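Working notes, beginning with the structure itself.
Taken together, the values in this text are just the output of simple stated rules run on the coordinates, not laboratory data. Everything numeric in this text was worked out from a predicted model, so none of it was measured.
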Amino acid sequence: MNKKPSTVDEYIKSFPKSTQVLLKEVRAVIKEAAPEAEELIAYGMPGYRLNKRPLVYFAGYEKHIGFYATPNGHEKFAKEFSKYKQGKGSVQFPIDEPMPLALIKKVVIFRVKENLKK
């Protein structure tokens, strides 16, 4: 049985090289947009917290990168996310397309503002 990763670096290294590149891009954008956020592994995936509140999460899968901007990031960006497959509180960015890094950055900045209001 594989050991669950305890750091984001371990998490990313558990994926194929091509997926690692995408996960690193997403991570870098989040860290750039929210430099004060605490990075952690939560729910088995990389997550970020600001002011002790969830900010965003992301996860690698075989065919997509999942992005989770709970609780209200998905409502705010419903139009931008509409071209992607979605689940409740999640959006899937296909790994065979460029990652929408500018959109991810906008969402993270929005979530930072939301967290700082509270």
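I need to check one value: relative contact order of segment 1-62, counting alpha carbon pairs closer than 8 Å and at least 6 residues apart, in percent.
Working: 60 pairs, mean separation 18.1, N = 62.
Value for segment 1-62: 29 percent.
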Practice problem: Take the alpha-carbon centre of segment 45-88, take the same for segment 5-22, and report the distance between them in whole Å. | Solution: 18
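Could you sort out which of 13/79; 4/31; 4/79 sit more than 25 Å apart by Cα distance in this structure? Working shown, then result.
Values: 13/79 33 Å; 4/31 23 Å; 4/79 35 Å.
Violating the 25 Å Cα-Cα cut-off are 13/79; 4/79.
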Practice problem: With the Cα gyration tensor of the chain in hand, give its eigenvalues times 5 under a square root as the equivalent ellipsoid semi-axes, listed largest first in whole angstrom. | Solution: 21, 18, 12
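To the nearest 500 deg cm²/dmol, what mean residue ellipticity at 222 nm is calculated for the chain from DSSP H runs of n ≥ 4 alone, each contributing -39,500 (n - 2.57), summed and divided by the residues?
Values: 5 runs with 48 residues, N = 118.
Rounded to the nearest 500, the figure is -12000 deg cm²/dmol.
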